[in-house]
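The values are calculated or read from the model by the stated rules, or taken from the named source; none is laboratory data. No experiment lies behind these values; they were computed from the predicted model shown. Because the Cβ atoms are built from the backbone with ideal geometry, glycine has one as well, and the counts that use them run over all protein chains shown. Remember, those area values only see protein heavy atoms, side chains included, never the ligands or the DNA or RNA. Shrake-Rupley method; radii C 1.70, N 1.55, O 1.52, S 1.80 Å.
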Amino acid sequence: MTNPLLEQQTLPSFSLINHKHIVPAVEQQITANRDFLEQLLDGLKNPTWANLIEPLCIQDNLLDNLWSPVGHLNSVNNNNEFREQYEACLPLLTEYAAEIGQNQELFQHYKTLSDEQSLTPRRKKIINDGLLSFKLAGVDLSSQDQARYREIKKQLSQLSSQFSNHVLDATMAWKKHIIKKQDLAGVPESTLDDLANKAKAEEKDGYLLDLEFPTYLAIITYAENRSLREEIYRAYCTKASDQGENKDWDNSALIDQILTLRHELALLLGFDSYAHYSTATKMAKDPNQVVGFLEKLIEPSLKAAKKEFAELSQFAQESDNLDDLQSWDLSFYSEKLRQRDFDISQEALRPFFPEPQVVESLFEITQQLFNVSIQEKTDIDTWHESVRYFEILDQNNNPQASFYLDLYARKHKRGGAWMDSCRDRMNMSEVKQLPVAYLTCNFAGPTNDRPALLTHEEVLTLFHEFGHGIHHMLTQVDEVQVSGINGVEWDAVELPSQLLENYAYHKPSLKRMAKHYQTGEILDDASIDRLIAARTFQAGMFMVRQIEFALFDFLIHLNYQQGTAQWQNVLDEVREQVAVIRPPAYNRFAHSFSHIFAGGYAAGYYSYKWAEVLSADVWEYFEQQGALNTETGQHYWNCILSQGGSKPAMELFKDFRGREPEVEPLLRQQGIA
Ligand code: ZN
């Protein structure tokens with residue numbers, strides 16, 4: 001049987017791949033890679049870039065190229081059989097990665113190479129990045145410590161998954177049945193339909209509320225019934241806690257254990273805290289820099305937030321005689337205030353953002369900025385008939401990269417939007433590979449008589465993902481370890497994506513893309529101005545909330561203290577410092593803060609703000625130079641996009657901006673400073 005996954009091709013043969021190919025291909029490739037490494041290391045005395053690093057990279061790339069379409073299909077064409085086989089491979093891949101990370105012999109060769117004078121700075125960085133990964137994988141520990149390291153890793157992964165299971169169970173357990181429509185006054189019809197369907201599914205009349213985010217958001221934002229808002233608020237912010245209904249799902253002890261084990265892991269690897277461990281691989285150079293960065297944002301943000309809060313309180317007082325604005329009133333009155341001041345409805349904007357026109361504008365902006373052309377190719381094998389494929393050509397018509405564009409929601413496709421790599425750029429001995437990206441969104445598709453119509457939020461999403469895409473695709477680096485988004489510090493990786501979002505708030509670009517799909521009428525100036533102005537609505541309150549999360553996350557990892565629920569004190573202190581409204585005492589937000597207790601954001605939540613600062617600062621330069629100016633685009637391409645992870649992000653930033661990043665451009669963009 002031939003296995004399409006094992007045939008190395010420029011592009012995967014999606015239509016030929018089925019679930020039976022997955023495990024045999026992965027097993028065979030991992031075995032081949034193991035054998036290859038063994039032979040390579042056998043008798044190797046003088047490691048060089050050419051006799052060790054390059055061949056190893058080329059071999060590893062085979063596994064990456066094989067796995068990329070598997071992971072992708074699992075997300076966009078999921079079925080049980082496929083998922084089962086996909087999941088069966090995960091432990092194999094994890095084990096293989098751990099094995100490489102703890103390969104003492106390979107590690108020693110890297111050490112030897114790091115002293116090699118003749119390496120280019122880029123290759124030196126690759127070797128040093130490699131040494132750090134070895135260190136973080138525990139390669140240099142005694143065998144006793146290595147065993148402890150593995151045990152901690154295993155426990156942490158179990159605790160994290162228990163944490164999310166508790167959140168999930170608590171979310172699913174809460175239900176509220178409402179019979180009369182009038183008790184849900186204010187809630188949009190689309191949500192009511194949804195809630196009625198949920199009731200029907202349980203053979204009930206009326207409406208069934210649950211704690212899933214869309215339900216929570218709709219009720220807390222629109223329900224006029226204040227006590228209902230309070231009820232769902234309480235349920236939502238006490239879930240999986242000691243204040244929740246079912247104490248079996250209380251995450252308090254899990255949080256203690258997770259923090260304790262993380263601290264132990266960090267010490268074991270030679271760091272002072274888990275926050276030090278986290279910043280070792282980030283653009284922020286140490287914990288002090290992170291804390292200093294967040295503190296710099298507090299004063300101006302808090303000042304703006306207090307003003308916004310006073311305005312909101314006054315508005316609630318004027319509209320409903322409400323004297324004591326509470327946590328469960330914030331979204332409700334904010335939405336009313338937003339409507340009063342900006343009168344912008346996402347739904348009403350849809351006809352002005354037909355998808356083909358938005359995509360075309362996005363391409364035009366890209367072409368203009370970088371002097372490239374984007375051309376569709378139709379004879380390409382994909383996973384669905386609606387998927388399109390494009391090539392990016394430079395000014396001499398040489399191919400630079402290509403991408404698949406899969407925009408519409410459909411059955412068996414994971415929700416959300418993302419960019420992922422199909423092929424990484426690489427030019428090493430005989431292997432020349434151009435970058436290929438997957439750009440995936442979940443917009444409602446076209447109908448028989450009209451194209452897909454996007455909300456402005458969706459336009460932002462498309463630009464965001466395309467920003468990641470050009471970071472991956474416009475790289476000029478030959479070494480795959482640092483080409484495109486490879487080797488880019490995690491707190492810098494959102495710079496290109498957030499930067500491109502600015503075009504969806506850029507008036508000349510909006511005038512180009514926002515045209516009614518039937519009449520061709522351009523969205524009027526007043527609407528565009530309101531749309532742009534609405535970006536800064538309650539920006540201060542949003543900012544202090546994000547700072548609260550980021551500081552809490554960072555400080556509990558930096559100043560770890562043994563003892564039950566010590567982190568609750570940190571949360572109280574942080575709130576004392578930055579919150580404009582004190583949540584009720586029963587609020588247990590930490591207990592469902594999955595980003596940091598069950599996701600990858602531990603001691604890294606600050607990255608959201610960090611990257612926003614970078615992108616706002618770069619954008620300010622774009623605006624000063626002309627946001628559609630080819631020279632500016634070229635400068636950005638040269639200094640940042642083309643470089644991938646070949647230099648530390650701080651250096652790339654300085655190459656572009658001529659100085660270190662500053663917070664003021666973000667504060668100005670948000671209307672705070
Ligand atoms: Zn992103």
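What angle do you read, to the nearest 10 degrees and between 0 and 90, between the alpha-carbon axis of helix 104-114 and the longest principal axis of the chain? Result, in degrees: 90. Both the radius of gyration and Dmax for the chain are 26.1, 83 Å, in that order, over alpha-carbon atoms. For a straight C-alpha distance cut-off of 21 angstrom, the lysines reachable from residue 515 (same-chain residues fewer than eight places away being disregarded) are 507.
The apolar share of the surface of segment 174-239, taken as the fraction of accessible area on carbon and sulfur atoms (1.4 Å probe, ligands and nucleic acids excluded), comes to 48 percent.
Can you flag which of 154/411; 411/511; 20/413 are past 28 Å Cα-Cα? Correct reply: 154/411; 411/511. In a simple Cβ point-charge model (Lys, Arg +1; Asp, Glu -1; nothing else charged), the chain has a dipole of about 240 debye relative to its Cα centre. Each peptide among 342-349, 366-373 gets the average number of other Cβ atoms lying within 10 Å of its residues, and from highest to lowest they stand as 366-373, 342-349.
I want to make sure I understand the PRE zone here: with the label point 7 angstrom from the Cα of residue 345 toward its beta carbon, which residues in segment 189-214 have backbone N atoms less than 13 Å away? Residues 189-190 fall inside that zone. Based on the Kirkwood approach, the hydrodynamic radius assigned to segment 584-650 is 15.0 Å, with every pair of different Cα atoms included. Note the angle between two axes, namely the Cα long axis of helix 252-268 and the longest principal axis of the Cα atoms of the chain, as a number of degrees from 0 to 90, rounded to the nearest 10. Roughly 30 degrees, rounded to the nearest 10.
Pairs of lysines 8 or more apart, or on different chains, with alpha carbons under 20 Å: count those in segment 255-339, would you? So the count works out to 6. Selection among 345, 14, 52 by position relative to the dipole of the chain gives 345 as farthest towards the positive end (Cβ unit charges, Cα centre). Taking the Cα centre of segment 157-272 as reference, the dipole from Cβ charges on Lys and Arg (+1) and Asp and Glu (-1) amounts to some 260 debye. Remark: spin-label model distance residue 260-residue 185 equals 5.2 nm, labels positioned 7 Å along the Cα→Cβ axis.
Taking the longest Cα principal axis of the chain as reference, the axis of helix 213-222 is set at about 30 degrees. For segment 174-239, the pair-distance distribution built from all alpha carbon pairs, in bins 5 Å wide starting at 0, is 4, 19, 34, 28, 13, 3 percent. Can you return the lysines within cross-link range of residue 45? Criterion is Cα-Cα under 16 Å, with same-chain partners fewer than 8 residues away left out. Reachable lysines: 111.
When peptides 93-104, 475-486 are sorted by average Cβ neighbour count within 10 Å, with the highest value leading, the order is 475-486, 93-104. Peptide packing for 260-268, 375-383, 108-116 was compared via the average number of neighbouring C-beta atoms within 10 Å per residue; ordered from the highest value, the list is 260-268, 108-116, 375-383.
Placing +1 on the Cβ of every Lys and Arg and -1 on the Cβ of every Asp and Glu, with no other charges, gives segment 6-151 a dipole of roughly 440 debye about its Cα centre.
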